[in-house]
Amino acid sequence: MLAELGHFALIVAFVLACLQGTLPLWGAWRGNSTLMLMAPAVAVGVFVFVLIAFGLLTAAFLQDDFSVKVVASNSNSMMPPIYKFSAVWGNHEGSLLLWILILSGWMLAVAQFSRGLPLTVLARVLGVMGLVAIGFIAFSLLTSNPFERLLPGVPAEGQDLNPLLQDPGLIIHPPLLYMGYVGFSVPFAFAIAALMAGRLDAAWARWSRPWTNVAWGFLSLGIMLGSWWAYYELGWAAGGFGIRMKMLRLWPGWWARHWCIPWRSRKNAGYSGPGRCSLPLRRSPCRYWAPSWSARVF
């Protein structure tokens with residue numbers, strides 16, 4: 001029953017993300033304040049239902065529900081509870097759900113802490129983030145469903161989580177890394193909102209900079225912790241192997257550096273032209289390609 005409830009919650013989150021990705025943008029275009037005011041409330045709803053889905057998947061792992069395919073493939077009854085918990089994101093389906101949860105958390109943060117922004121700007125930013133959420137939730141539901149059942153042949157015992165992932169470093173490393181990767185969807189959304197408004201001035205850069213700094217901080221911590229884990233777990237013999245993986249993960253941070261450092265000159269000049277606006281846009285593909293390629297290298 002937990003799996004079905006989790007699947008239903010994820011479907012509801014998808015429907016809400018569709019509303020968030022369309023109605024506020026339409027309202028900003030047509031000047032409809034009612035539709036624009038829906039954006040923060042709908043963003044809260046997306047977060048709540050994704051959190052419910054993630055919580056129910058976690059409960060399935062902790063209760064050894066081996067009728068759920070992802071649980072049977074990545075956990076067993078002898079594993080310590082802490083590693084059962086981390087096994088939730090120790091696989092493709094669960095890590096994608098964690099990615100969606102963190103994305104919805106960033107949307108919630110923008111909705112709660114950006115109320116001082118002009119209503120049209122906030123509606124466009126949350127609308128763009130809603131469009132990003134639509135893609136990831138649809139991908140999870142259609143191709144990587146974490147709540148798929150193994151029926152009628154339910155195994156008596158599950159398989160083991162990859163021994164390399166049964167480590168304290170891997171409990172903290174992926175959430176930190178994802179907080180950094182996904183956090184850059186916020187400056188990306190601000191850049192798109194500025195392009196929609198046709199106002200490439202210093203205001204949008206000033207609004208997006210705190211979010212960029214926070215995401216950059218999380219990404220740096222995640223990369224450092226992952227590097228530490230790679231060398232003490234894989235050994236120096238795998239050093240070159242780990243370096244290739246970490247270099248791929250540095251791409252998003254490199255673009256972020258070029259966005260954060262010249263802030264003072266943009267502020268003094270009072271203008272942020274198309275060249276600077278393109279940095280969050282160029283950084284966005286790196287956010288999604290780097291995790292995929294690093295996983296393949298690993």
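Somewhere in segment 47-63, is a residue among the polar types (S, T, N, Q), more than 29 Å from Val214 (Cβ to Cβ), touching a residue at least 12 places away in the same chain (Cβ under 8 Å) and surrounded by fewer than 17 Cβ atoms within 10 Å (Cβ to Cβ)? Yes, some residue in segment 47-63 is among the polar types (S, T, N, Q), more than 29 Å from Val214 (Cβ to Cβ), touching a residue at least 12 places away in the same chain (Cβ under 8 Å) and surrounded by fewer than 17 Cβ atoms within 10 Å (Cβ to Cβ). Inside segment 118-163, residues that are open to solvent by 30 Å² or more (accessible area, probe 1.4 Å), assigned to a loop (DSSP other than H, G, I, E, B) and in contact (Cβ under 8 Å) with a residue 40 or more places away in the chain make up a count of 11. Within segment 83-90, can one find any residue that is under 22 Å from the mean Cα position of the chain (by Cα), part of a helix (DSSP H, G or I), under 28 Å from Leu177 (Cβ atoms) and aliphatic (A, V, I, L, M)? Looking for residues that are under 22 Å from the mean Cα position of the chain (by Cα), part of a helix (DSSP H, G or I), under 28 Å from Leu177 (Cβ atoms) and aliphatic (A, V, I, L, M), one finds at least one in segment 83-90, hence yes.
How do the pairs read when you match residues in segment 200-213 that are in a strand (DSSP E or B) with residues anywhere that are open to solvent by 30 Å² or more (accessible area, probe 1.4 Å), using Cβ under 7 Å and keeping only pairs 6 or more apart or on different chains? Once the first residue is in a strand (DSSP E or B) and sits in segment 200-213, its partners that are open to solvent by 30 Å² or more (accessible area, probe 1.4 Å) give Asp201/Tyr271.
In segment 110-117, the count of residues that are open to solvent by 40 Å² or more (accessible area, probe 1.4 Å), touching a Gly at 6+ places or on another chain (Cβ under 8 Å) and farther than 30 Å from Gln166 by Cβ is zero.
Return yes or no: is Val70 crowded, with 23+ Cβ neighbours inside 10 Å and in a helix (DSSP H, G or I)?
Values: crowded, with 23+ Cβ neighbours inside 10 Å: yes; in a helix (DSSP H, G or I): yes.
Yes; evaluated as a whole, the condition is true for this residue.
The values are calculated or read from the model by the stated rules, or taken from the named source; none is laboratory data. Keep in mind the model is a prediction, meaning the values are calculated, not measured. Glycine also receives a Cβ, built like all others from the backbone with ideal geometry; neighbour counts cover every protein chain displayed. Areas reflect the complete protein model, heavy atoms only, side chains present, ligands, DNA and RNA absent. Shrake-Rupley method; radii C 1.70, N 1.55, O 1.52, S 1.80 Å.
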